[in-house]
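Only one structure is covered here, and it is reproduced in the block below.
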Amino acid sequence: MVEQVRTSRVSGFYKLSVKKRLEFVADFANLTEEEKKLLLIDSKPGTGLDLKTADMMIENVIGTFDLPLGVAVNFLINERDYLIPMVIEESSVVAAASNAAKVARVNGGFKARASESIMIGQIQVVGIQGESKLADAMLAVRKQKDEILNMANEQDKVLVGLGGGAKDLETRIIKTSSGEMLIVHLLVDVKDAMGANAVNTMCEAVAPLVEEITGGKVRLRIISNLADKRLAYATAVFDKNALGGSEVVDGILEAYAFADADPYRAATHNKGIMNGVDAVVIAVGNDWRAVEAGAHAYAARYGRYKPLTRYWKNRRGDLVGEIEIPLAIGTVGGAASVNPLTKLCRKILGVKNANELACVIASVGLAQNLAALRALAVEGIQRGHMSLHAKNIAVMAGAKGDEIDIIARKMVEEKKVRLDRAKEILEEIRRK
C-alpha cells in the first residue's frame, strides 16, 4: 500500500470553520475520534486536562486555564512537512509564522540542526581562601574527574543505559562580592529529556565528594538555564519577490542592523522570536521560562545584548536568515508526559525526539522574526496586528456572533480600535 503524501501547505486555512480545520489536522496526524474530541471547543469540560491530573502537576489547584491553540501551516523543515501547534493569546502570531513559512518554501523551506543534548549542572564551592589554594582545589577536581563522573552516573542508570549521563567536567574561578569561588560544571547528556531533574540529582549526589576533594563548602548545586552546549540552528532563503521586492529586502536588512547595534531594539527583536518559540514550547509541554532565560542570557553572552538572528543578502538579491538559540527542551518527562493535550500536540507535530523538536522550534523562531521584520519594514506592525486584535476588543465590548466581525471591520476602517468605539458601534447595530 502506497503511503499518502502529506503536506502542511494550505491555502486559506484560516477561512475554514473550526470543525473543518480540525478535520484537516486529524487527517494529517491520523487522530482518533477520542483525540479529536479533546480539541472540540464544545466538548465537555475535563476531557483535556482534567482536575485530577492538574492537581498532580502543581499545588493549590482550583481548576484549569485555557489558552487558544492554533496550528501554523506551510512549514517545510529539512524536506519534511509539519503542522505546528502553537499556544498563545497574542493576535497575528500564528498567521505571521504561517506566512513566513510560505515564503521560505519557495527556496526549499528551512534547514535546521541541533547539537547534542548537553546540559550544565553548576556546583558552587566557597570558603577556599587564597589564589594558590583555589588553583590547587581546581586541579584536584580535574584529577579526580572520573570518580566524580562515576558517582554522578550512579544516580541515573536508565539515562546512562540510553547513552546519556555525565560526560565531562569544567572548572573555573570567579570573583564575586562574597569573594572568590570555585565553580564546577557537570556536563550531562540528557538525551530526549529537558534534564533538570537528572542534572540536579547528580549535582546534589556529588556535592559531598567535591567538598572532600577541594576542602571547601558546597552551596548551590543546580542546573544552569544558559544551555549554551545545547544549541539549535535554522536557516532559510526568503525569495525577494515573495517578500515584496528588493526594497522590502533592504528594509528588513536595515531593521536587522538597527537591532544589531542597539540593545533597546534587540530586546523587542528577540521578543518577536520568542513569540513563536514560546508558543510551540508551551504546546508541547516544556518549560518556556527556562527557554526564555537561556535565550536572553545567550543573546548577551559577549557582554552586550544582541539579536538571536542574522540576515544578509545573497548574490541573487534574496534575503538569507539564520537563527542560533539554546533550547533546553524534551520529549519525555515533565508535563510533556502528563498533560493529555501536550501529548496530542506532539502527535500533531510528529517529532520523534528532542533533537528534531529543537529543529522545529528554531525554524518557527526564525519564521516569526522574519514576519515581524517584514511587517515593520513595509507597513508597521499595527496594521495586521490590530485587524486581528479588533475582534478581541469587539468581544470585550459584549459583541456576539456576526456582531464581532462587523464591529472589528468598522474599527479597522476607521483606525479606531478601542473599547469605547466598539461599544458605540455595538449600540448602533442593536438599535437598528
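The values are calculated or read from the model by the stated rules, or taken from the named source; none is laboratory data. It should be emphasised that the depicted structure is a prediction, and the values quoted were computed from it without experimental measurement. Every residue, glycine among them, receives a Cβ derived from its backbone with ideal geometry; neighbour counts consider all protein chains shown.
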Please verify whether the range 237-250 includes one or more residues that are among the small types (Gly, Ala, Ser) and either closer than 25 Å to Ala299 by Cβ or crowded, with 19+ Cβ neighbours inside 10 Å (or both).
no
Mind checking whether some residue in the range 162-172 is assigned by TED's automatic domain parsing to the domain that holds Asp146, modelled with pLDDT of 95 or more and touching a Cys at 6+ places or on another chain (Cβ under 8 Å)?
no
Among the charged types (D, E, K, R), touching a Leu at 6+ places or on another chain (Cβ under 6 Å) and either more than 21 Å from Asn286 (Cα to Cα) or assigned by TED's automatic domain parsing to the domain that holds Val284 (or both): is that true of Asp146 in this structure?
no
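Only one of Ala198, Ala193, Ala101, Ala166 is touching a residue at least 12 places away in the same chain (Cβ under 8 Å), of a type in the set (A, V, I, L, M, F, W, C) and closer than 19 Å to Arg219 by Cα; which?
Details: Ala193 fails: closer than 19 Å to Arg219 by Cα; Ala101 fails: closer than 19 Å to Arg219 by Cα; Ala166 fails: closer than 19 Å to Arg219 by Cα.
Checking each option against the conditions leaves just Ala198.
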Flag if Leu83 is in the same structural domain as Met181 (by TED's automatic domain parsing) and out of contact with any Cys (no Cβ under 9 Å at 6 or more places or on another chain):
no
Is at least one residue of the range 233-245 β-branched (Val, Ile, Thr) and in contact with a Phe, Trp or Tyr (Cβ under 9 Å, 6 or more places away or on another chain)?
yes
Which one of these does Trp288 not meet: (1) within 15 Å of Ala362 (Cβ to Cβ); (2) crowded, with 21+ Cβ neighbours inside 10 Å?
(2)
Looking at (1) touching a Lys or Arg at 6+ places or on another chain (Cβ under 7 Å); (2) surrounded by fewer than 20 Cβ atoms within 10 Å (Cβ to Cβ), find the lone condition where Gly303 falls short.
(1)
Pairs under 8 Å by beta carbon, first residue free of Cβ contacts under 8 Å to residues at least 60 places away in the same chain in the range 259-273, partner surrounded by fewer than 13 Cβ atoms within 10 Å (Cβ to Cβ) and outside any helix (DSSP H, G or I), six or more apart or different chains?
Pro263/Arg304
Pull up the range 191-229, narrow it to residues that are among the charged types (D, E, K, R) and within 21 Å of the chain's Cα centre (by Cα), then point me to the one that is nearest to Ala293 (Cα to Cα).
Asp228
Identify all residues within the range 334-351 that are within 17 Å of the chain's Cα centre (by Cα) and not in a helix (DSSP H, G or I); write none if there are none.
Gly350, Val351
May I ask you to list the residues in the range 86-109 that are touching a Leu at 6+ places or on another chain (Cβ under 7 Å) and in a strand (DSSP E or B)?
Val87
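Can you tell me how many residues within the range 61-81 are assigned to a loop (DSSP other than H, G, I, E, B) and either surrounded by 13 or more Cβ atoms within 10 Å (Cβ to Cβ) or modelled with pLDDT under 95 (or both)? Spell out the reasoning first.
Taking the range 61-81 as the starting set, the residues that turn out to be assigned to a loop (DSSP other than H, G, I, E, B) are 61-68, 78-79.
With either surrounded by 13 or more Cβ atoms within 10 Å (Cβ to Cβ) or modelled with pLDDT under 95 (or both) added as a condition, the list becomes 61-68, 78.
Of the residues in that region, 9 qualify.
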Look at Leu139 and say whether it is surrounded by fewer than 19 Cβ atoms within 10 Å (Cβ to Cβ), farther than 26 Å from Ala290 by Cα, in contact with a helix residue (DSSP H, G or I) (Cβ under 7 Å, 6 or more places away or on another chain) and not small (Gly, Ala, Ser).
no
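Taking helices (runs of 4 or more DSSP H) that fall entirely within the range 237-321, which contain at least 2 residues that are of a type in the set (D, E, K, R) and in the same structural domain as Thr342 (by TED's automatic domain parsing)? Spell out the reasoning first.
Numbers: elements: 240-243, 246-261, 263-283, 288-299.
Of the helices (runs of 4 or more DSSP H) lying wholly inside the range 237-321, those with at least 2 residues that are of a type in the set (D, E, K, R) and in the same structural domain as Thr342 (by TED's automatic domain parsing) span 246-261, 263-283, 288-299.
Hey, among Ile84, Ile58, which residue is under 23 Å from Ala328 (Cα atoms) and modelled with pLDDT under 90?
Numbers: Ile84 fails: modelled with pLDDT under 90.
Ile58 is the lone residue from the list that is under 23 Å from Ala328 (Cα atoms) and modelled with pLDDT under 90.
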